[in-house]
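The values are calculated or read from the model by the stated rules, or taken from the named source; none is laboratory data. Every value quoted in this text rests on a predicted model; they were computed, and no experiment measured them. So basically every Cβ, Gly included, is an ideal-geometry build from the backbone, and we count neighbours across all protein chains shown. With ligands, DNA and RNA removed, areas are computed over all heavy atoms of the protein, side chains included. Shrake-Rupley method; radii C 1.70, N 1.55, O 1.52, S 1.80 Å.
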Amino acid sequence: MWVAIRREPVVFTLATLGAVLFGVLTVADAWVLGWATDNVLIPAFENGQIGTDLLLMVFVLFISVAILRAVGIVARRLGGGVMYYRMQSHTRRAVTRKYLSLPMEWHQRHPTGQLLSNAYADVEAAWSPIMPLPMAIGTLVMMIVAIVQMFAADVVMALVGLLVFPAVVAANLAYQRFASPLMTHAQGLRAEVSEVAHESFDGAMVVKTLGRETEETDRFRAKAHELRDVNIRAGRIRAVFDPTLASLPNLGVLVVLAVGVSRVMSGASDAGAVVTVAYLLTIVSFPIRAIGWLLGEFPRSVVGYRRTKAVIDATGEMRFGDRTVPPGVQGALLEIDNLHYSYDAQVPLLRGVDFTVQPGRTVAVVGPTASGKSTLTSLLARLIDPDEGAIRVDGIDLRELRQGALASDVALVPQTAFLFDDTVRGNVTLGADVSDDDVWAALRTAQADGFVAALPDGLGAKLGERGTSLSGGQRQRISLARALVRRPRLLILDDATSAVDPEVEARILASLRDDVTGSAASLVVIAYRKATISLADEVVHLDDGVIAGRGTHSELLASSDEYAELVNAYEVAT
């Protein structure tokens, strides 16, 4: 809460002043009521008539207090709401920015569903006490003023009424003790439910193809029911706590009335004092409930804040330098020097990888499954950093480049083509300032201009979430055009044309070596097809994380039985 107050001091001050105004004027109602009892009601019973001037004065007092109290309510609720939603917005942006700055290793350890929960449900829970916070402070002031006025009216009745407070404190402590573990468990289960749902939606095609809808529904149901049960248990505790907290002040009012009647009968007090104290104790019940609402939000809020803070405080961000790649009109020089990488320190994936891609040349990386090819492409695009060794573009270590500098010269087209629920133009440009002519040029190079032109709205055609309106090969070609439109000097294709037929793939690779980037770009291609591999100037045979051979396709066929068996096996399989 102090974090929120420091970030939004003006809004918090205005909201708190409104709440204090509301609290003070609510207590003023008790004074008006007591004054009216002693000066208007009792004389009216004694004399049989009411003075018009006094009646008008009481009316004006009540109306004035009501209007000012309404102003306080508006300021309190408006300020609290603005503060609450601003803190949510600020924290969600901070969490999202952190997601973008954290390396891929961190994301690989955290499921997407959990990240969604951190950015939405946890943020919402973290700031849930902010809305009632100004009201709680205002009602606390109201409580203090009310207690002072109670003692001013009658010390004995005030002491009797204040016996309620120890009971309220005990009830709050008991609630926190029993509710906090359940709230913590429920917040964790919300993330797990999000994870299961996201996995099912993300793998919808696999689920439907294998007919596993029932099993996925059961898996989701189990987690959802577990979350439901925990929330019900927490709700039962809250259901006992809220009415208990509401009833304690009312019991106190009954005791005060009993004591007050006795004191009036004995002449130790007067009727106005009894009315004032009883009404003030009724008023005090509202602050107690308001503070109870605030306390009731604390367990869930603390859990949500800890979960979002864990993301914001996460370490492992990539370090950047201040250098940029010198501008050039030809392909980039790529040097890979003694590269080592492992996802698990006990199981190295790449070991001592060394090779160079000369400007404008094409190098195909070939290897069996799990040999480290996709990991190598992630290292080349600096999605992850190596454990040892270096990767240099035009002689500059990637770790020395300033943030964003690499993206202007290097583009990666991954195995899985991810398309957004946007137009063709939007998916290719991703918001970059690119002309339609450049978009069409990239589409032509990717052999995608034909089917895009046939779409009802051309570049303006909506592709649907993940490009569901396109075939696998079409999605890959749109993804390739997205990289080409930025005119990279080094293009990395991680099996990016696997869903395209060999003839179209050959045309794509041939056109990549011509004028798409203004000159021949350097290419690193993860390939399986013999026809694709044969187009490369050099082939790097990667096996079990090490380079098993280098040379042209024909040289490796002649010198390496393992290489020949690998590429020929793929051709036979297809």
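Details
- The peptide list 539-549, 113-123, put in order of mean Cβ contacts within 10 Å with the highest first, becomes 113-123, 539-549.
- The residues of the chain expose, per residue, 48 Å² of accessible area to a 1.4 Å probe.
- Angle in degrees between helix 9-36 and the longest Cα principal axis of the chain, rounded to the nearest 10: 20
- The listed residues LEU55, LEU383, once ranked by accessible area (1.4 Å probe) with the largest placed first, stand as LEU55, LEU383.
- Unit charges on C-beta of K, R, D, E only; dipole of segment 425-482, Debye: 300
- Sorted from longest to shortest, the spans of the Cα atoms of the chain along the three principal axes equal 121, 47, 46 Å.
- Based on DSSP H segments of at least four residues, each scored -39500 (n - 2.57), the chain has a per-residue ellipticity at 222 nm of -20500 deg cm²/dmol.
- Mean Cβ count within 10 Å, highest first, over the residues of peptides 162-173, 127-138: 127-138, 162-173
- Span from the segment 400-444 Cα centroid across to the segment 130-202 one, whole angstrom: 51
- P(r) for segment 298-440, from all Cα pairs and a bin width of 10 Å, is 9, 29, 31, 21, 8, 2, 0 %, short bins first.
- Of the peptides 71-78, 558-565, the order by per-residue mean of other Cβ atoms within 10 Å, starting with the highest, comes out as 71-78, 558-565.
- Contact order for the chain, expressed relative to its length and based on alpha carbon pairs under 8 Å spaced 6+ residues apart, stands at 14 percent.
- Separation in nanometres of the label points that stand 7 Å from Cα toward Cβ, at ALA246 and VAL40: 3.0
- The chain: angle of helix 502-512 to the longest principal axis, Cα-based, in degrees nearest 10: 90
- Between the residues VAL145, ILE396, LEU419, the greatest Cα displacement towards the positive end of the dipole of the chain, with unit charges on the Cβ of Lys, Arg, Asp and Glu, is found for VAL145.
- Taken about its Cα centre, the chain carries a charge dipole of about 1920 debye when Lys and Arg each add +1 at the Cβ and Asp and Glu each add -1 at the Cβ.
- Accessible carbon and sulfur surface of segment 10-110 relative to its total accessible area, %, 1.4 Å: 70
- Heavy-atom accessible area for HIS185, with the other protein chains in place and a 1.4 Å probe, reaches approximately 80 Å².
- Inter-probe distance in nm under a simple model that places probes 7 Å from Cα toward Cβ, at LYS309 and VAL264: 5.2
- Normalising by residue count, segment 74-151 has a Cα convex hull of 97 Å³ per residue.
- Taking the longest Cα principal axis of the chain as reference, the axis of helix 271-312 is set at about 10 degrees.
- Segment 353-414, relative contact order in percent, only Cα pairs under 8 angstrom and at least six apart counted: 21
- Segment 346-478, accessible surface, carbon-and-sulfur percent (1.4 angstrom probe): 47
- Computed on segment 318-431, with alpha-carbon pairs under 8 angstrom and 6+ residues apart, the relative contact order is 35 percent.
- Take the Cα of ALA204, go 7 Å toward its beta carbon, and the backbone nitrogen atoms of segment 456-494 under 13 Å from that spot belong to 464-470.
- Computed with every protein chain present, the accessible area of ARG487 is close to 110 Å² [probe 1.4 Å].
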